[in-house]
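The values are calculated or read from the model by the stated rules, or taken from the named source; none is laboratory data. What you see is a predicted model; the values in this text were computed from it and never measured. Don't worry about glycine lacking a Cβ; one is built from the backbone with ideal geometry, like all the others, and counts go over all protein chains shown.
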Amino acid sequence: METTSKDGFRWVRVGEEPHTRSDGTPTTLGVWQADCKQCGKPFTIKTPAAVTWHGESGTFATRHCEEHRLKRDRNDMHAFRSSLASFKPEAAQA
Ligand SMILES: [Zn+2]
(Lines give C-alpha, C1' and ligand atoms only; values in the text may rest on other atoms or scores of the structure.)
Protein backbone atom coordinates (compact mmCIF):
# COMPACT_ATOMS: atom_id res chain seq x y z
CA MET A 1 0.00 0.00 0.00
CA GLU A 2 1.23 3.49 -0.73
CA THR A 3 -0.07 7.03 -0.97
CA THR A 4 1.25 10.06 -2.81
CA SER A 5 0.41 13.65 -1.99
CA LYS A 6 -0.78 16.11 -4.59
CA ASP A 7 2.70 17.62 -4.76
CA GLY A 8 4.32 14.24 -5.37
CA PHE A 9 5.56 13.21 -1.92
CA ARG A 10 5.22 9.44 -1.48
CA TRP A 11 4.76 7.21 1.57
CA VAL A 12 4.86 3.40 1.51
CA ARG A 13 3.15 1.25 4.12
CA VAL A 14 5.94 -0.99 5.39
CA GLY A 15 4.18 -2.79 8.20
CA GLU A 16 2.17 -2.66 11.36
CA GLU A 17 3.09 -2.75 14.99
CA PRO A 18 1.20 -3.33 18.24
CA HIS A 19 0.66 -0.28 20.40
CA THR A 20 -0.85 0.38 23.81
CA ARG A 21 -3.09 3.44 24.08
CA SER A 22 -2.75 5.87 26.96
CA ASP A 23 -5.81 4.25 28.55
CA GLY A 24 -4.10 0.82 28.49
CA THR A 25 -6.09 -0.78 25.68
CA PRO A 26 -4.19 -2.48 22.85
CA THR A 27 -4.36 -1.28 19.25
CA THR A 28 -2.36 -1.59 16.03
CA LEU A 29 -0.46 1.16 14.26
CA GLY A 30 0.39 1.32 10.58
CA VAL A 31 4.02 2.14 9.81
CA TRP A 32 4.75 4.25 6.72
CA GLN A 33 8.13 5.01 5.21
CA ALA A 34 9.12 8.04 3.16
CA ASP A 35 12.32 9.77 2.08
CA CYS A 36 13.29 13.03 3.77
CA LYS A 37 12.40 15.97 1.55
CA GLN A 38 15.68 17.64 2.43
CA CYS A 39 18.32 14.88 2.54
CA GLY A 40 16.58 11.82 1.09
CA LYS A 41 17.14 9.66 4.18
CA PRO A 42 14.31 7.15 4.81
CA PHE A 43 12.22 7.73 7.93
CA THR A 44 8.98 6.28 9.26
CA ILE A 45 5.76 7.69 10.69
CA LYS A 46 2.97 5.83 12.49
CA THR A 47 -0.78 6.17 12.08
CA PRO A 48 -3.79 4.14 13.22
CA ALA A 49 -3.79 0.86 11.23
CA ALA A 50 -7.10 1.77 9.57
CA VAL A 51 -5.55 4.77 7.83
CA THR A 52 -5.07 3.95 4.13
CA TRP A 53 -4.05 7.28 2.60
CA HIS A 54 -2.51 10.59 3.60
CA GLY A 55 -5.78 12.53 3.85
CA GLU A 56 -6.82 10.47 6.88
CA SER A 57 -4.05 11.55 9.23
CA GLY A 58 -2.26 14.81 9.88
CA THR A 59 0.83 12.72 10.62
CA PHE A 60 1.46 12.65 6.88
CA ALA A 61 2.41 16.31 7.06
CA THR A 62 5.79 14.99 8.22
CA ARG A 63 8.13 15.27 5.24
CA HIS A 64 11.50 15.05 6.96
CA CYS A 65 13.75 12.71 8.88
CA GLU A 66 14.16 13.39 12.59
CA GLU A 67 17.21 15.52 11.95
CA HIS A 68 15.37 17.98 9.69
CA ARG A 69 11.87 17.66 11.12
CA LEU A 70 12.04 20.29 13.85
CA LYS A 71 13.25 23.05 11.57
CA ARG A 72 10.92 22.50 8.65
CA ASP A 73 7.60 20.95 9.52
CA ARG A 74 5.92 23.96 11.05
CA ASN A 75 5.77 25.54 7.60
CA ASP A 76 5.01 22.27 5.82
CA MET A 77 2.01 21.57 8.03
CA HIS A 78 0.39 24.79 6.91
CA ALA A 79 0.97 24.06 3.23
CA PHE A 80 -0.22 20.48 3.65
CA ARG A 81 -3.53 21.48 5.22
CA SER A 82 -4.11 24.04 2.50
CA SER A 83 -3.52 21.43 -0.22
CA LEU A 84 -5.98 19.01 1.40
CA ALA A 85 -8.81 21.52 1.32
CA SER A 86 -9.47 20.91 -2.39
CA PHE A 87 -8.24 17.31 -2.54
CA LYS A 88 -10.47 14.32 -3.34
CA PRO A 89 -9.76 10.90 -1.75
CA GLU A 90 -10.94 9.02 -4.85
CA ALA A 91 -8.15 10.60 -6.87
CA ALA A 92 -5.52 9.63 -4.34
CA GLN A 93 -6.32 5.93 -4.56
CA ALA A 94 -6.61 5.70 -8.35
ZN1 LIG B 1 16.73 14.76 6.46
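Restricted to segment 1-50, and to residues there that are within 16 Å of the ligand (Cβ to nearest atom) and among the small types (Gly, Ala, Ser), the residue that is farthest from Phe80 (Cα to Cα) is Gly40. One residue stands out among those in segment 57-89 that are at pLDDT 75 or above and not in a helix (DSSP H, G or I): the one that is farthest from Thr44 (Cα to Cα), which is Ser57.
Any idea how many residues of segment 30-56 are in a strand (DSSP E or B) and within 12 Å of the chain's Cα centre (by Cα)? Break it down into steps so the answer makes sense when it comes.
Within segment 30-56, the first condition is being in a strand (DSSP E or B), and the residues that meet it are 30-35, 42-48.
Now drop any that are not within 12 Å of the chain's Cα centre (by Cα), which leaves 30-35, 43-48.
Number of matching residues: 12.
Residue-by-condition table, conditions (1) part of a loop (DSSP other than H, G, I, E, B); (2) surrounded by 14 or more Cβ atoms within 10 Å (Cβ to Cβ); (3) at pLDDT 95 or above:
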{"residue": "Asp7", "(1), (2), (3)": "yes, no, no"}
{"residue": "Val12", "(1), (2), (3)": "no, yes, yes"}
{"residue": "Gly24", "(1), (2), (3)": "yes, no, yes"}
{"residue": "Thr28", "(1), (2), (3)": "no, no, yes"}
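The set of residues from segment 53-72 being touching a helix residue (DSSP H, G or I) at 6+ places or on another chain (Cβ under 9 Å), more than 16 Å from the ligand (Cβ to nearest atom) and β-branched (Val, Ile, Thr) is empty. Among the residues of segment 46-63, those that are among the β-branched types (Val, Ile, Thr) and surrounded by fewer than 18 Cβ atoms within 10 Å (Cβ to Cβ) comprise Thr52, Thr59.
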